[in-house]
Amino acid sequence: MAKKKTKTQPHVFGIDVGGSGVKGGVVDLSKGKLVTDRHRIPTPQPATPKAVAAVTRQLVDHFSWGGAVGVAIPAIVRHGVVHSAANIDKSWMGVDAVKRFSKALDRPTRVLNDADAAGLAELHYGEAKAYADGVVILLTFGTGIGSAIFVEGELLPNSELGHLELRGDDAEHWASAKAREDGKLSWKAWAARVNEYLNHLEFLFSPDAFIIGGGVSRRSQQFFPYLNTSARIIAAELENRAGVVGAAWYAAQEGTL
Ligand code: BGC
């Protein structure tokens, strides 16, 4: 990703499309903070492009927002087009998400992967800033596992480390927050899985820091004591707002991923 210049546009609307909720709000980009509440509408089922686009419209209208919008979705997005659908309706495959959302919202809209959005937010506004001159991996633990890799502050988009094979399966089937809930695992038992996953990633990428995001970042005291890597392990500071903030930040940049 080439270096981008931030436009003089301090307030942008960010939207984070998740498996159970579509969240959005107005972000002050000078601080990386929401200036409205983070409004949530349940994700329509099935979450087809048409249905999700309609919900993003509802969100923007809820705040009567007329300005720029960025949307984060749980899929590979290359030059605006969706190239995977692991945790999203299969009908997204091959859809030009930029066109779809721009039409529904009636304005040019920018779209990126949800973990990339969270990573951009943490790197620009969170504790991860301290590692911006090194290698940082952000992981979001939720329905799946999302990832964002940064080298000297530059994002390698669509890294999809949740689908790395571990124990003969997708790592996210084994170590996501959903896997903990579905398997009724104790924090300690789940942390052992996360630790094995982190150690594998450490062997492959030698990062300086791992940022642990997703809903579990609020419960870091429950499982961080069981994690052991030579990279620093940091709880995502923006918690469940990171996707919204990162999507807004991205919308204010020039160029495309
Ligand atoms: C998807 C990723 C997404 C992650 C977190 C994975 O299943 O493949 O694109 O970032 O879930 O939502």
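Counting residues in segment 26-35 that are away from the ligand (no atom under 16 Å from the Cβ), surrounded by fewer than 20 Cβ atoms within 10 Å (Cβ to Cβ), among the β-branched types (V, I, T) and at pLDDT below 95 gives zero.
Could we say that G94 is surrounded by fewer than 16 Cβ atoms within 10 Å (Cβ to Cβ) and not hydroxyl-bearing (S, T, Y) here? So G94 fits the description; yes. If you go through segment 84-92 one residue at a time, do you hit one that is at pLDDT 95 or above, of a type outside the set (S, T, N, Q) and within 15 Å of E160 (Cα to Cα)? No, segment 84-92 contains no residue that is at pLDDT 95 or above, of a type outside the set (S, T, N, Q) and within 15 Å of E160 (Cα to Cα). Scanning segment 193-249 for residues being in a helix (DSSP H, G or I) and either open to solvent by less than 60 Å² (accessible area, probe 1.4 Å) or within 17 Å of S147 (Cα to Cα) (or both) gives a total of 30. Are any of the residues in segment 47-54 open to solvent by less than 10 Å² (accessible area, probe 1.4 Å), more than 20 Å from N158 (Cα to Cα) and outside the structural domain of L139 (by TED's automatic domain parsing)? Looking through segment 47-54, at least one residue is open to solvent by less than 10 Å² (accessible area, probe 1.4 Å), more than 20 Å from N158 (Cα to Cα) and outside the structural domain of L139 (by TED's automatic domain parsing).
Checking each residue in segment 97-122 for being more than 16 Å from the ligand (Cβ to nearest atom), open to solvent by 10 Å² or more (accessible area, probe 1.4 Å) and in contact with a helix residue (DSSP H, G or I) (Cβ under 8 Å, 6 or more places away or on another chain) picks out R100, K103, A104, P108, R110. Restricting attention to segment 186-202 and to residues that are out of contact with any strand residue (DSSP E or B) (no Cβ under 9 Å at 6 or more places or on another chain) and of a type in the set (A, V, I, L, M), the residue that is nearest to Q221 (Cα to Cα) turns out to be A191. Within the set G66, G142, G162, the sole residue that is out of contact with any Gly (no Cβ under 7 Å at 6 or more places or on another chain) and of a type in the set (G, A, S) turns out to be G66.
Any idea how many residues of segment 141-192 are open to solvent by 40 Å² or more (accessible area, probe 1.4 Å), within 12 Å of the ligand (Cβ to nearest atom) and of a type in the set (S, T, N, Q)? The number of residues fulfilling the criteria is 1. Restricted to segment 57-72, and to residues there that are in contact with a helix residue (DSSP H, G or I) (Cβ under 7 Å, 6 or more places away or on another chain) and either in a helix (DSSP H, G or I) or open to solvent by less than 10 Å² (accessible area, probe 1.4 Å) (or both), the residue that is nearest to N158 (Cα to Cα) is A72. Residues of segment 123-140 that are within 15 Å of the ligand (Cβ to nearest atom) and either polar (S, T, N, Q) or more than 10 Å from the chain's Cα centre (by Cα) (or both): I137, T140.
Strands (runs of 3 or more DSSP E) fully within segment 108-188 that include at least 1 residues being among the acidic types (D, E) and touching a residue at least 12 places away in the same chain (Cβ under 8 Å): 154-156.
The values are calculated or read from the model by the stated rules, or taken from the named source; none is laboratory data. None of these values were measured; they are calculated from a predicted model. Counting neighbours? That spans all protein chains shown, and the Cβs are built from the backbone with ideal geometry, glycine included. When the accessible area is computed, the model is the full protein with side chains, heavy atoms only, and any ligands, DNA or RNA have been set aside. Shrake-Rupley method; radii C 1.70, N 1.55, O 1.52, S 1.80 Å.
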